[in-house]
Amino acid sequence: MKTCRVSFQPGGAVVSVSEGTLLLDAAARAGILLDMPCGGQGRCGRCRVKVESGEVTGRENIHLSQEDMAQGWVLSCTARVVGDLAITVPPKVERDRAIVELPSARAAAQIALHWPRYPALRRAYLELTPPSLEDNAPDLERLRRGLRQEANLEGLELDVYQMRELGATLRQDNWRVSATLDASGPGNRLVDLRPGRIKGPLLGLAVDIGTTNVVAYLVNLDNGRLLGKASRMNRQVSCGEDVISRIVFSQREGGVDTLQNLAVDTINVLVKELAQAHGASPEDIGDMVMAGNTTMAHLFLGIPPRYIREEPYVPTATHFPVCTARDLGLAIHPRASVYCVPSVAAYVGGDITAGVLASKLYESDTLSLFLDVGTNGEIVLGNKDFMMTDACSAGPALEGAGMRCGMRAMPGAIEDVRISSLTLEPTIKVIGDVPAQGICGSGLISAVAEMLVTGVISKGGKIDLDYVLSRQPERPRARPGESGPEYVLVWAGEAGGGTDITLSEVDLENLVRVKAAIYAGIMVMAEKSGIPLDTVERVLIGGAFGQHINVEQAIQIGLLPDLPWDKFHFLGNTSAWGAYNILLSKHARSKVEELVAGMTYVELIADNSFMNEFTASLFLPHTDADRFPSVAHLLSR
């Protein structure tokens, strides 16, 4: 087979590949990770590169205009090498900025430690009796004796590497040592042994690995205090914005390793940030608990997730072995334990079980609906007597992705929109009170609700160009665009990026599909349990997205069921708070294992009733107006 030489600029990397190799694979061999939110399926158009010289096949794509192709632009996930090539890679869009914590997020209910504080990690300061001719017990036995007598700890476990250093460490400060031990298993595993008395608290890390964002909490294990929290976009986003795209990417050569490294790199950035902020070393962190959906858990551990997306949708595991930080490449203490919160099924992960633990739904008499909406929509219905759960693919639109002007909830993002019913002119609220640069998920819901009740869009989600023109004959906000009709939220002269910020019918279709999937998942759960939705006493909303949405507007578009507003309660990041509880209490860890075993999972993917509900929900707010009586009077036009 013919071998071809491919050079990449900037940087000058050169690789030799076989004829027919995809450009993205050639780039990966050159150490260049291209931006592929769709996972390399040719759907997003973000992995474009420019062919400066040479030939490729697969030049045409819906995301490339004739002018683009004439200039040499191709998508690296569809173009294949034919001969020697010179390629230019455009600058990567910045996708890794820290997330701002909004006032609404701080106002969400803070979930405290519900359990007696009993962390798995403990430390003992020992003053051992030096050996003598009369007492010539081996060093290891002397350490075990000291732990038994002075700290009442039995069953010491250590590895050969620790044993090689044991003798020198014990003698360095005249047999005075501090031993840090992990008691999460049947014995006491030695994590760290240092000469003298260690100053400073025991530290642990609770991590929520979301599909889009990763959140880390630094915790003082001695008193349970939350020392600090930090958040970053999950670097895996460059390989796919949703779990399905990442599973597709993982099946590429080296894909699992790439995704595992990106998850760990994201966490390591947060570890460094938190440690520096609190005057600690990353190696002072001796224990970690991770909560995430089933796919994120697989990729974090380097387990191929392929079969999660193939019928009958079975993951490799829902309970995961406890690893050490060294096994995974984490920049905390190399012997720190890493516990992954167990999942229920392929699409109901540890983030939900951690959330149920944090919400205390499992011990309440109150019939509750628990929602965690992100790129997946996961739902739990029940109380202390029963719990049913299902999940639907929501997609990344509610997190600002997959839209032309979408962005995350950060300074510059439109988070709230109001449209005058008289003039059809919008009034916007922007995070950080700076010029708008785009629109985030909460802003999208707000804008679509306002467009619906003012008549800018129909119940079918179509922009009414004639109606807007009749109200705004001089400078109408609605107009034909490159991908169909669009509505201008912010004119270019007022926007931070210098271009119009718009919502197109394609954006509207994305949102309608998302809200339809979530609402259908809720309705199928109610149907399978035989419980009328209007008997639900509480709707608990977890996750970062739930901290920002406007309930009234979410009901208006049919995302949430039409229930009294006082039934809705925002709990904040329940996944991270559940991980925090598990980190601080062995009892919480035992309870979450029990919860997983007691939850009944409903598979929606092959369920005809779900597809029927989904189809009926592809309308604003729904094809059945009687389900949304509070909205009906607003849509009289």
Degrees separating the helix 255-277 axis from the principal Cα axis of the chain, which is the longest one: 70 degrees
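Using the count of nearby Cβ atoms within 10 Å as a rough guide to exposure, how do 78, 3, 211 rank from fewest to most? Each step should come with its number before you reach the end.
Details: 78 21, 3 11, 211 26.
Exposure proxy ranking, most exposed first: 3, 78, 211.
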Could you go through the stretch 514-529 in sequence order and give the Karplus-derived ³J(HN,Hα) for each residue, using 6.51 cos²θ - 1.76 cosθ + 1.60 with θ = phi - 60°, rounded to whole Hz, and x for Gly and Pro? 4, 5, 5, 5, 5, 5, 5, x, 5, 5, 5, 4, 5, 5, 5, 7
Helix 350-359: angle to the longest alpha-carbon principal axis of the chain, degrees 0 to 90, nearest 10? 80 degrees
For the stretch 203-340, share of DSSP beta bridges that run antiparallel, in % to the nearest 5: 60 percent
Using helices alone, I'd like the mean residue ellipticity at 222 nm for the chain: each DSSP H run of four-plus residues gives -39500 (n - 2.57), total over residue count, nearest 500. -8500 deg cm²/dmol
With charges only on Cβ, +1 for K and R and -1 for D and E, what is the dipole size of the chain about its Cα centre, in debye, rounded to 20? 1140 debye
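Calculate the dipole size of the stretch 374-469 relative to its Cα centre from +1 charges on Lys and Arg beta carbons and -1 charges on Asp and Glu beta carbons; express the result in debye to the nearest 20.
Values: 7 positive and 11 negative charges, 19 e Å.
It works out to roughly 80 debye.
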Mean separation of Cα contacts under 8 Å (6+ apart) over length of the stretch 398-510, as relative contact order %: 24 percent
Answer label for mean projected area of the Cα convex hull in nm² (calculated), chosen among (1) 32.4; (2) 34.8; (3) 29.0: (1)
Taking amide H atoms as placed 1.01 Å from N in the peptide plane, list the residues 5 or more away in sequence, or in a different chain, whose amide H sits under 5 Å from that of residue 457. 452, 464
Rounded to 10°, Cα long-axis angle of helix 574-584 versus longest principal axis of the chain: 0 degrees
With unit charges on the beta carbons (Lys and Arg positive, Asp and Glu negative) and the dipole taken about the Cα centre of the chain, which residue among 243, 550, 210 sits farthest to the positive side? 210
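Please report the net charge: other residues with Cβ closer than 11 Å to the Cβ of residue 184, K and R +1, D and E -1.
Details: positive: 122, 189, 586, 589; negative: 182, 287.
Result for the local shell: +2.
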So, with +1 on the Cβ of K and R and -1 on the Cβ of D and E, and no other charges, what is the size of the charge dipole of the stretch 524-576 about its Cα centre, to the nearest 20 debye? 180 debye
Rule-of-thumb check for the stretch 3-88: C-alpha Rg over 2.2 N^0.38 Å? 0.97
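If you add up the charges near residue 485, with Lys and Arg at +1 and Asp and Glu at -1, over every other residue whose beta carbon is less than 12 angstrom from its beta carbon, what do you get? List each step's numbers first, then the result.
On the way: positive: 462, 477, 479; negative: 464, 466, 482, 486, 505, 507, 509.
Charge balance near residue 485 sits at -4.
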Can you list the lysines whose alpha carbon is less than 28 Å from that of residue 229, not counting same-chain residues fewer than 8 positions off? 92, 199, 272, 360, 429, 586, 591
When DSSP assigns beta bridges and you keep just the ones with both residues in the stretch 3-88, what percent turn out antiparallel, to the nearest 5? 80 percent
Would you please give the residues with an amide H less than 5 Å from that of residue 227, counting only those at least 5 places away or on a separate chain, with H modeled from the backbone geometry? 218, 219, 220
How high is the relative contact order of the stretch 3-88, in percent, with contacts defined as C-alpha pairs under 8 Å that are six or more residues apart? 39 percent
Along the charge dipole of the chain, which of 428, 151, 536 sits closest to the positive end, that is, farthest toward it, with unit charges on the beta carbon of Lys, Arg, Asp and Glu (+1, +1, -1, -1)? 151
Return the sequence-ordered ³J(HN,Hα) values of the stretch 599-613 in whole Hz as given by the Karplus equation 6.51 cos²θ - 1.76 cosθ + 1.60 applied to θ = phi - 60°, using x for Gly and Pro. 9, 8, 9, 10, 7, 8, 4, 9, 9, 5, 5, 5, 5, 5, 5
If you rank 470, 368, 504 by fewest surrounding Cβ atoms within 10 Å, what's the result? 470, 504, 368
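How high is the relative contact order of the stretch 121-195, in percent, counting Cα pairs under 8 Å that sit 6 or more residues apart? Don't skip to the end; give the middle numbers.
On the way: 107 pairs, mean separation 29.8, N = 75.
Reported relative contact order: 40 percent.
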Rounded to the nearest 5, what % of the DSSP beta bridges within the chain are antiparallel ones? 70 percent
Size of the stretch 254-408 as Cα extents on the principal axes (Å, biggest first): 45, 39, 34
Would you please state which residues of the stretch 474-511 a label at residue 462 would reach in this model, taking the label point 7 Å out along Cα→Cβ and a backbone N cut-off of under 14 Å? 484-486, 505-506, 509
For residue 448, net neighbour charge (Lys/Arg +1, Asp/Glu -1) across residues whose Cβ lies under 10 Å away: -1
Quick one: what are the phi-derived ³J(HN,Hα) couplings along the stretch 304-314, Karplus 6.51/-1.76/1.60 with θ = phi - 60°, whole Hz, x for glycine and proline? x, x, 3, 7, 5, 9, 10, 3, x, 6, 10
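Throughout, read-outs are computed from the coordinates displayed, never taken from laboratory work. From a predicted model like this one, the values you see are computed outputs, not experimental measurements. Backbone-built Cβ (ideal geometry, glycine too); neighbour counts: all protein chains shown.
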